[in-house]
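The values are calculated or read from the model by the stated rules, or taken from the named source; none is laboratory data. Since we're looking at a predicted model, the values are computed, not measured. Methodologically, a virtual Cβ is constructed for each residue, glycine included, from the backbone with ideal geometry; neighbour enumeration extends over all protein chains shown.
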Amino acid sequence: MDGPQQKQGRRTRTLGLALAIAGLALLPSLTGCAPGGGSSSDARRPETYSFWPLFPAEPRIQFLTSYRFSDDVEPVRSGLEDIIYGEERRVLPINKPYGLDMRDGRIYVCDTRNRGVIVLDLRTQETRLMGATGMARTQSPTDLAIAADGMIYVSDSARGAIFVFDKDERYVTAMGLENMRPTGIDVFGDEVFVCDFTAQGVHVFDRHTGEHLRTFGSPGDGEGEFVRPLGLGISATGTVYVSDVIQCRVQRFSPRGDYLGDFGEMGDVVGTFVRPKMLAVDGEGIVFVVDAGFANVQMFNSDDDLLMFFGSAGGHPGSMYLPAGVECYDGDLDLFDDYVHPAFEAQRLVLVTNQFGNNKVSVYAIGQLKEGRTVQDIATVRAEQDTGMLGEGESPRDQLLPEIPSVEEETGTEEGSEEPTPPTSDEGENSN
């Protein structure tokens, strides 16, 4: 039989355990976690805001926030958690992001230096690396596309293949052609469209079977011809847009590959390009083209007319530094409510990757002022922004601190590196 002192000691230990459990249960409310990290809603609300077009024009684009490390997404830990779990925890940096996509609160980012796809899960406040282990691991993921059923298609320029993952991010299979160097990729219906640096064209595959269906485009500088096709996006009606990083233009095609037109040329004014990278098409048919030379994103309508641009080099919120990828997304606006200016009505998201600087993955909102609000409502809190326009005698190249990458570096595979190594038939097991 236990004596009084033993019972008292046991009660003390039990009470201590109960308090510890209760303390852990209270941690989420004590730390004030919210989607996207941060300690509270007020702490995450910006002090200044960046809008485009610049004041005093009525804004249509607002910068919301950016991500550079995994702990930008994960919840802030309290001192008690550090005591219980230890102060050290692994932080995953976003190193060299390229193409990206978003679905169900998750931002998927191709990172050529991390050799995988970084998944920023904003709702669960978790970060993970997809396709980074096993025989079928990615080597230089360049772009990705997510189909309506959640299947994920990742182009890997170094391995010369398209890797396929299911909606739960588990590896399924790979598809491709011999000596293919895939770059920009998108999905339309049951087909996958992908640019090929080697063939200087666009391949189309059955996304369910992997069968190669057709190729359109050929080497050259004429209509329907490419030098280095890099970015690819498809409108809701099936128009296929392809950017050429060397020709500095964007061409339009039908889903069958029929040439429909083009826009853009090399130049130093808005509406022309210096280093066009990836592109995206939103639900209204607006085409967003990233230009690393101008450090901005230019927007065109379905008639190829320039609408506006946003972004510029500099130190202001939402500045760009060798931008590469862009994607438009209509969902999950609630995740960013705390970042939207009270006078601005956000309608959809635009995400941009930058290969250098602090804003590795930037999130913008396209929208307009709320009814009854005017530009004066944002005048006192707007950030000091660079115009993004060139001064007299200034070249777009002058805005770039590092040297503009070579053609080989555009795909993450530098000249002299190994040839593409597509997955073998025995790599069909789940490798994630």
- Query: If you check Gly264 against the conditions, is it out of contact with any helix residue (DSSP H, G or I) (no Cβ under 8 Å at 6 or more places or on another chain) and either at positive phi or of a type in the set (Val, Ile, Thr) (or both)?
  - Reply: yes
- Query: Could you list, in sequence order, the residues of segment 110-120 that are crowded, with 24+ Cβ neighbours inside 10 Å and in a loop (DSSP other than H, G, I, E, B)?
  - Reply: Thr112
- Item | Filter result for the condition that a residue is crowded, with 19+ Cβ neighbours inside 10 Å, farther than 24 Å from Asp101 by Cβ and in contact with a helix residue (DSSP H, G or I) (Cβ under 9 Å, 6 or more places away or on another chain), over Val245, Val274 | Val274
- Note on the structure: For segment 268-318, the count of residues that are of a type outside the set (D, E, K, R) and closer than 23 Å to Ser235 by Cβ equals 29
- Answer yes or no as to whether Ala145 is under 25 Å from Gln355 (Cα atoms), out of contact with any strand residue (DSSP E or B) (no Cβ under 7 Å at 6 or more places or on another chain) and in contact (Cβ under 8 Å) with a residue 24 or more places away in the chain. no
- Filtered residues of segment 307-349 (kept if surrounded by fewer than 17 Cβ atoms within 10 Å (Cβ to Cβ) and closer than 30 Å to Phe253 by Cα): Leu307, Met308, Asp330, Gly331, Gln347
- Evaluate segment 207-225: report whether one residue or more is at pLDDT 95 or above, among the aliphatic types (A, V, I, L, M) and not in a strand (DSSP E or B). no
- Query: Listed residues Arg123, Arg128; which is within 25 Å of Glu74 (Cβ to Cβ), touching a helix residue (DSSP H, G or I) at 6+ places or on another chain (Cβ under 8 Å) and surrounded by fewer than 19 Cβ atoms within 10 Å (Cβ to Cβ)?
  - Reply: Arg123
- Look through segment 234-248, keep the residues that are of a type outside the set (Ser, Thr, Tyr) and part of a loop (DSSP other than H, G, I, E, B), and return whichever of them is farthest from Arg181 (Cα to Cα). Ala236
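Residue-wise test of (1) touching a Pro at 6+ places or on another chain (Cβ under 8 Å); (2) part of a strand (DSSP E or B); (3) basic (Lys, Arg).
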{"residue": "Ala132", "(1), (2), (3)": "no, no, no"}
{"residue": "Ala145", "(1), (2), (3)": "no, yes, no"}
{"residue": "Gly150", "(1), (2), (3)": "no, no, no"}
{"residue": "Val154", "(1), (2), (3)": "yes, yes, no"}
{"residue": "Asp168", "(1), (2), (3)": "no, no, no"}
{"residue": "Val172", "(1), (2), (3)": "no, yes, no"}
{"residue": "Leu177", "(1), (2), (3)": "no, no, no"}
- Item | Members of segment 250-270 that are modelled with pLDDT under 95 and touching a strand residue (DSSP E or B) at 6+ places or on another chain (Cβ under 6 Å) | Val270
- Note on the structure: Counted residues in segment 289-310 being within 17 Å of Phe63 (Cβ to Cβ) and touching a Lys or Arg at 6+ places or on another chain (Cβ under 6 Å) come to 1
- Can you name the residue in segment 307-334 that is part of a loop (DSSP other than H, G, I, E, B) and either over 18 Å from the mean Cα position of the chain (by Cα) or hydrophobic (A, V, I, L, M, F, W, C) (or both) and is also nearest to Val245 (Cα to Cα) among such residues? Leu322
- Task: Could you grab me the full set of residues in segment 335-366 that are without any contact (Cβ under 8 Å) to a residue 60 or more places away in the chain and not in a strand (DSSP E or B)?
- Result: Asp337, Pro342, Ala343, Phe356, Gly357
- Residue among Phe55, Phe51 that is among the aromatic types (Phe, Trp, Tyr) and modelled with pLDDT of 95 or more: Phe51
- Message: Can you find a residue that is in contact with a helix residue (DSSP H, G or I) (Cβ under 9 Å, 6 or more places away or on another chain), more than 18 Å from Val363 (Cβ to Cβ) and modelled with pLDDT of 95 or more anywhere in segment 296-308?
- Response: no
- Task: Within segment 135-146, identify whether any single residue is among the basic types (Lys, Arg) and crowded, with 22+ Cβ neighbours inside 10 Å, and answer yes or no.
- Result: no
- Just to be sure, is Gly231 within 19 Å of the chain's Cα centre (by Cα), of a type outside the set (A, V, I, L, M) and part of a loop (DSSP other than H, G, I, E, B)? no
- Message: Please determine whether any residue of segment 187-196 is of a type outside the set (A, V, I, L, M, F, W, C), buried (at least 17 other Cβ atoms within 10 Å of the Cβ), at pLDDT 95 or above and under 28 Å from Arg68 (Cα atoms).
- Response: no
